[in-house]
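**Student:** Next up is a structure, given as structure tokens.
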Amino acid sequence: MGETKTVHSPLVTYASMLSLLSLCPPFVILLWYTMVHADGSILQTWDYLRQHGLQGFIKIWPIPTATAWKIIACYGAFEAALQLLLPGKRVEGPISPAGNRPVYKANGMAAYFVTLTTYLGLWWFGIFNPTVVYDHLGEIFSTLIFGSFIFCIFLYIKGHVAPSSTDSGSSGNAIIDFYWGLELYPRIGKYFDIKVFTNCRFGMMSWAVLAVTYCIKQYEVNGKVADSMLVNTILMLVYVTKFFWWEAGYWNTMDIAHDRAGFYICWGCLVWVPSIYTSPGMYLVNHPINLGTQVEIILADIKEICPCQIVASYTTTSGETKTSLLLTSGWWGLSRHFHYVPEISAAFFWTVPALFNHFLPYFYVVFLTILLLDRAKRDDDRCRSKYGKYWKLYCQKVSYRVIPGIY
């Protein structure tokens with residue numbers, strides 16, 4: 001049974017955990033309220049809270065409703081069914097620290113296609129209007145906040161009582177265990193992988209569904225879709241499409257292969273992704289900005305013909321020696337985590353159509369930058385521990401962590 005390891009100092013770890021546990025839920029509600037009811041203005045929301053205090057905040061916090069529960073339940077059940085029933089290629093994940101190799105069914109792209117086709121079909125044939133989702137958005141976010149918190153309690157209990165594999169263990173601290181999680185690969189039964197569901201099929205899929213929802217809401221209100229909303233929606237859908245096309249690769253990343261199933265990952269994907277990641281589109285619903293200029297998207301495909309690399313060896317917990325390649329050319333010759341740069345750039349460019357009248361639409365860009373810089377540090381620390389002298393050599397050859405010449 002492995003123990004949960006923290007990267008930062010105990011003081012920073014506890015401060016960050018307690019602040020995120022206590023501040024993230026109300027922030028989701030404040031962001032929704034500001035975007036939908038306060039014209040996207042932080043100052044307007046601040047004036048309201050200054051005048052009405054805590055009672056005013058409680059008043060704007062929507063109560064979870066039966067409609068919200070039904071929408072979430074139908075969506076969650078539909079995505080769970082697609083995850084289990086759609087055919088897909090058998091894919092093996094990386095060998096875990098305890099020597100386990102998880103097996104997945106790669107049907108994410110099919111689930112993505114079926115989800116969007118079904119959602120648009122229900123709207124087109126008048127069976128379900130996606131504007132209902134927008135009109136109950138505050139209630140949905142409120143329900144997700146409380147429902148996902150209960151789900152994380154379930155994961156905490158399951159990790160103690162019925163872990164799915166030997167890749168599970170306690171730090172001995174209940175707060176750390178709840179926040180970071182106990183199980184690396186929790187499953188219900190043999191085939192239903194919980195992290196694939198929370199991270200991919202609920203969280204990332206909701207990003208695409210809500211992007212389309214905001215677009216349809218603007219169309220239903222104004223009779224047309226502004227070019228700013230089109231740019232935002234198209235860029236977001238391109239990003240999410242790329243994610244599901246590459247989903248099997250995601251299962252080898254830190255989120256799945258190293259971070260355990262706790263509040264940080266699961267609550268974040270169930271609540272933070274659909275609320276914060278989609279917020280630029282949420283803002284644009286009531287701000288149909290016409291950019292008035294031609295928008296050009298240039299896609300560059302740069303291929304490295306002769307990659308340079310370091311062959312690094314490491315020893316598993318079972319004593320077996322293995323090798324990995326550390327690339328020192330191409331994008332990874334510029335910085336050790338250069339792939340985060342286009343991630344941040346993409347977030348900025350699909351927010352730019354909101355222009356610069358308010359700061360709040362750009363919160364996601366700021367949040368993502370902080371998240372990825374912290375993730376780069378955690379990954380560096382993990383790799384330093386794993387590869388030892390080879391990682392030190394790699395850092396000498398590729399000196400910057402994320403942004404070439406800066407960081």
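The values are calculated or read from the model by the stated rules, or taken from the named source; none is laboratory data. All values derive from a computational prediction rather than experimental measurement. Ideal geometry is used to build each Cβ from the backbone, glycine not excepted, and the neighbour counts take in all protein chains shown. Surface accessibility is based on the protein's heavy atoms, side chains included, excluding ligands, DNA and RNA. Shrake-Rupley method; radii C 1.70, N 1.55, O 1.52, S 1.80 Å.
**Student:** Residues being in a loop (DSSP other than H, G, I, E, B) and open to solvent by less than 30 Å² (accessible area, probe 1.4 Å): count how many of those fall in segment 365-407.
**Tutor:** 2
**Student:** Right, next: Any residue that is more than 18 Å from Thr198 (Cα to Cα), at pLDDT below 95 and assigned by the TED database to the domain that holds Val240 - is there at least one of those in segment 100-114?
**Tutor:** yes
**Student:** Scan segment 257-271 residue by residue and report those that are of a type in the set (A, V, I, L, M, F, W, C) and over 24 Å from Val114 (Cα atoms).
**Tutor:** The answer is Ala257, Ala261, Phe263, Ile265, Trp267.
**Student:** Any residue that is basic (Lys, Arg), under 22 Å from the mean Cα position of the chain (by Cα), in the same structural domain as Trp207 (by the TED database) and open to solvent by 30 Å² or more (accessible area, probe 1.4 Å) - is there at least one of those in segment 76-91?
**Tutor:** No: zero hits.
**Student:** If I ask for residues that are hydroxyl-bearing (Ser, Thr, Tyr), within 30 Å of Tyr33 (Cα to Cα) and in contact (Cβ under 8 Å) with a residue 40 or more places away in the chain, which ones from segment 363-407 would you list?
**Tutor:** Tyr364
**Student:** Please count how many residues of segment 170-199 are assigned to a helix (DSSP H, G or I), closer than 16 Å to Thr13 by Cβ and either open to solvent by less than 10 Å² (accessible area, probe 1.4 Å) or in contact (Cβ under 8 Å) with a residue 40 or more places away in the chain (or both).
**Tutor:** The number of residues fulfilling the criteria is 6.
**Student:** Next up: If I filter segment 201-256 down to residues being small (Gly, Ala, Ser) and more than 10 Å from Gly281 (Cα to Cα), which single residue comes out as most open to solvent (accessible area, probe 1.4 Å)? Even if it seems obvious, please write down each step before you answer.
**Tutor:** Here is the first cut: in segment 201-256, the residues small (Gly, Ala, Ser) are 203, 206, 208, 211, 223, 226, 228, 248-249.
Among the residues that remain, those that are also more than 10 Å from Gly281 (Cα to Cα) are: 203, 206, 208, 223, 226, 248-249.
Values: Gly203: 0, Ser206: 9, Ala208: 1, Gly223: 53, Ala226: 6, Ala248: 35, Gly249: 23 Å².
The selected residue is Gly223.
**Student:** Kindly check whether there is at least one residue in segment 294-308 that is at pLDDT below 95, more than 15 Å from Phe27 (Cβ to Cβ) and surrounded by 15 or more Cβ atoms within 10 Å (Cβ to Cβ).
**Tutor:** So far as segment 294-308 goes, no, none of its residues is at pLDDT below 95, more than 15 Å from Phe27 (Cβ to Cβ) and surrounded by 15 or more Cβ atoms within 10 Å (Cβ to Cβ).
Let's see how each residue does on (1) charged (D, E, K, R); (2) in contact with a His (Cβ under 9 Å, 6 or more places away or on another chain):
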residue	(1), (2)
Ile60	no, yes
Leu84	no, no
Lys89	yes, no
Ile95	no, no
Gly99	no, no
Ala106	no, no
Ala110	no, no
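**Student:** Out of curiosity, is Tyr362 at pLDDT 85 or above and either touching a strand residue (DSSP E or B) at 6+ places or on another chain (Cβ under 8 Å) or crowded, with 18+ Cβ neighbours inside 10 Å (or both)?
**Tutor:** Yes; evaluated as a whole, the condition is true for this residue.
Residues checked against (1) part of a loop (DSSP other than H, G, I, E, B); (2) of a type outside the set (Asp, Glu); (3) more than 19 Å from Val212 (Cβ to Cβ):
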residue: Asn252; (1), (2), (3): yes, yes, yes
residue: Ile256; (1), (2), (3): no, yes, yes
residue: Asp259; (1), (2), (3): yes, no, yes
residue: Ile265; (1), (2), (3): no, yes, yes
residue: Val271; (1), (2), (3): no, yes, yes
residue: Ser275; (1), (2), (3): no, yes, no
residue: Met282; (1), (2), (3): no, yes, no
residue: His287; (1), (2), (3): yes, yes, no
residue: Asn290; (1), (2), (3): yes, yes, yes
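**Student:** Also, I was wondering about something else. Out of (1) outside any loop (DSSP other than H, G, I, E, B); (2) open to solvent by less than 70 Å² (accessible area, probe 1.4 Å); (3) not basic (Lys, Arg), what's the single condition that is false for Asn129?
**Tutor:** With respect to (1) outside any loop (DSSP other than H, G, I, E, B); (2) open to solvent by less than 70 Å² (accessible area, probe 1.4 Å); (3) not basic (Lys, Arg), Asn129 is out only on (1).
Here is a yes/no grid of residues against (1) among the polar types (S, T, N, Q); (2) assigned to a helix (DSSP H, G or I); (3) buried (at least 17 other Cβ atoms within 10 Å of the Cβ); (4) over 23 Å from the mean Cα position of the chain (by Cα):
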position	(1), (2), (3), (4)
Ile58	no, yes, no, yes
Pro62	no, no, yes, yes
Cys74	no, yes, no, no
Ile95	no, no, no, yes
Ala98	no, no, yes, yes
